[in-house]
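Every read-out reported here was derived from the displayed coordinates using simple, explicitly stated rules and does not represent laboratory data. Everything numeric here is computed off the predicted structure, so don't read it as measured data. FYI the Cβ positions are ideal-geometry reconstructions off the backbone, even for glycines, and counts take in every protein chain you see.
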Amino acid sequence: MTLETAVALAFAHLLADFVLQTDWIMANKRRFAGIAAHIAIVAGASWLALGLPPSGLLPILGLALVHGGIDAGKLAWADRAARLGTPKRAFAAFTIDQAAHFLTVWLFATLWPGAWAAGLWAAPGLAAELPGIARLPEAMALAAGLIATVWAGGYAVQELMAGLKPPPNAETDSSLPQGGQLIGRLERLMILMLILARQPDGIGLLIAAKSILRFNELARDADRRASEYVIIGTLASFAWAIGTSWATATILAALP
């Protein structure tokens, strides 16, 4: 049951970090109230995802506290960079932060592999009454893949592009509000759907379609930086989506 436990906790982590984390929490994470609220959400989501195991509340609280400690370390790194005037390296901080979270999830699942079996969702009686409950780990893996690909991917690309100075015309008055963000989410969602449908060749058509749509815009642009900025952002978005989609498909195939 190690994999089921890991999937449930990974889903809870992604849900807490990228869906349930409000703007208020993000703005107040350096204060006790903000970080405490985030830790509580991580603990609650993890306990619920595992099926409310009776003996799991204290271990899950420990997992949530470690999560909060990792977030505090990331903020301390950013504050230190600001004080010293050094580059923030936002993408590196984001990557290390998420890697530490997933390592913690896997360590917890390894040390307590029976957490899923001890929860309500794995109870034989419930499975008899609701046969579909047995597919819950697959549903969580798919939901985790969706969040990681669409929402987390947006943050990852944003942090990567933060290290590059955008050209003056990167955002124009004629652009739709948050249009680029929506386009990125849709293209990553389409990549996830294509890979899960075992139709990766369609990604090539998606790249070609976006290239055609961008051609006139870039052809009119005399600033080479604008072209490079768009290309880097697009390739980063595609690369992230392909990687997380492949990971989701691999986990779904490994689940019993």
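Quick notes on this structure:
- For the chain, the convex hull spanned by the alpha carbon atoms encloses 140 Å³ per residue.
- Among Met161, Met193, Met26, the order by Cβ neighbours within 10 angstrom, fewest to most, reads Met26, Met193, Met161.
- Theoretical FRET efficiency, 1/(1+(r/R0)^6), r = Cβ-Cβ of Leu65 and Tyr155, R0 41 Å, to 0.05: 0.95
- For the chain, the longest principal axis of the C-alpha atoms and the axis of helix 57-84 are separated by about 30°.
- Cβ-Cβ FRET estimate between Phe102 and Thr22, R0 fixed at 22 Å, reported to 0.05: 0.45
- From phi via Karplus (6.51, -1.76, 1.60), per-residue ³J(HN,Hα) for the stretch 91-100 in Hz, x at Gly/Pro: 5, 4, 5, 4, 5, 5, 4, 5, 4, 5
- The share of C-alpha pairs in the stretch 20-143 whose separation exceeds 25 Å stands at 36 percent.
- Fewest-first ordering of Arg185, Arg30 by other beta carbons within 10 Å of each residue's beta carbon gives Arg30, Arg185.
- Test item: Cα-centred dipole of the stretch 1-145, Lys/Arg +1 and Asp/Glu -1 on Cβ, debye: 660
- Paramagnetic reach from Glu129 (point 7 Å along Cα→Cβ, amide N under 16 Å) across the stretch 46-71: 51-52
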